[in-house]
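The next block holds one structure in the form of structure tokens; read it before the comments.
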Amino acid sequence: MDRDKKILLWLIAGSRGGVNRALILKYIISSPSNANRISIATGIEYKTVQHHLGILEKNGLLSAVGDKYGKTYFPSELLDKNINSFNEICKDMGLDGDEYKN
């Protein structure tokens, strides 16, 4: 297993906040957004979204443009390159549809 897939597995399937991180990533993949929009769309509390965005950005799965409230998150090249692995992990977790409220 390569390093990138290990990171994805650890962040998504191997930790307590993995489901929230998966939902956040799925939403950003479909619609790059700021933390407030992500919170509304996913139903995850704003502070929790901020926490997970920080972890995902720190681990290279998201890139961001802007700052403060207008900071918009996008899938990173690392995530784009490993999208099949991400989708496979989500499917294994039962997250293969659009779980956010929208």
### Query
Taking the alpha-carbon centroid of each part, what is the distance from the stretch 42-102 to the stretch 7-41 in angstrom?
3
### Query
In the structure displayed, which of Lys5/Lys81; Lys26/Lys91; Lys6/Lys47; Lys5/Lys68; Lys5/Lys26 lie more than 20 Å apart, Cα to Cα?
Lys6/Lys47; Lys5/Lys68
### Message
Using each residue's phi in the stretch 23-31, evaluate 6.51 cos²θ - 1.76 cosθ + 1.60 at θ = phi - 60° and report the 3J(HN,Hα) Karplus result to the nearest Hz, with x for Gly and Pro.
### Response
5, 5, 4, 4, 5, 5, 4, 7, 7
### Message
So if the hydrodynamic radius of the chain is defined as the Kirkwood radius over C-alpha pairs, what does Stokes-Einstein give as its diffusion coefficient at 37 °C and 0.692 mPa s, in µm² per second?
### Response
246
### Message
Under 8 Å for C-alpha pairs, at least 6 residues apart: give me the relative contact order for the stretch 3-90, rounded to a whole percent.
### Response
31
### Task
Kindly write out, for the stretch 51-58 in residue order, the coupling ³J(HN,Hα) from the Karplus curve 6.51 cos²θ - 1.76 cosθ + 1.60 (θ = phi - 60°), rounded to whole Hz, with x marking Gly and Pro.
4, 5, 4, x, 5, 5, 5, 4
### Summary
Output ordering of 49-57, 85-93 (per-residue mean of other Cβ within 10 Å, highest first) is 49-57, 85-93
### Message
Report the gain in length on full extension from Lys47 to Lys91: 0.36 nm times residue separation, minus Cα-Cα distance, nm rounded to one decimal.
### Response
13.2 nm
## Note on the structure
Simple SL model, points at 7 angstrom along Cα→Cβ for Ile40 and Lys68; separation in nm is 1.9
### Within the chain, helix-based [θ] at 222 nm, where runs of 4 or more DSSP H residues each add -39,500 (n - 2.57), nearest 500
-15500 deg cm²/dmol
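Every read-out reported here was derived from the displayed coordinates using simple, explicitly stated rules and does not represent laboratory data. Everything numeric here is computed off the predicted structure, so don't read it as measured data. Virtual Cβ from ideal backbone geometry, glycine too; neighbours counted across all protein chains shown.
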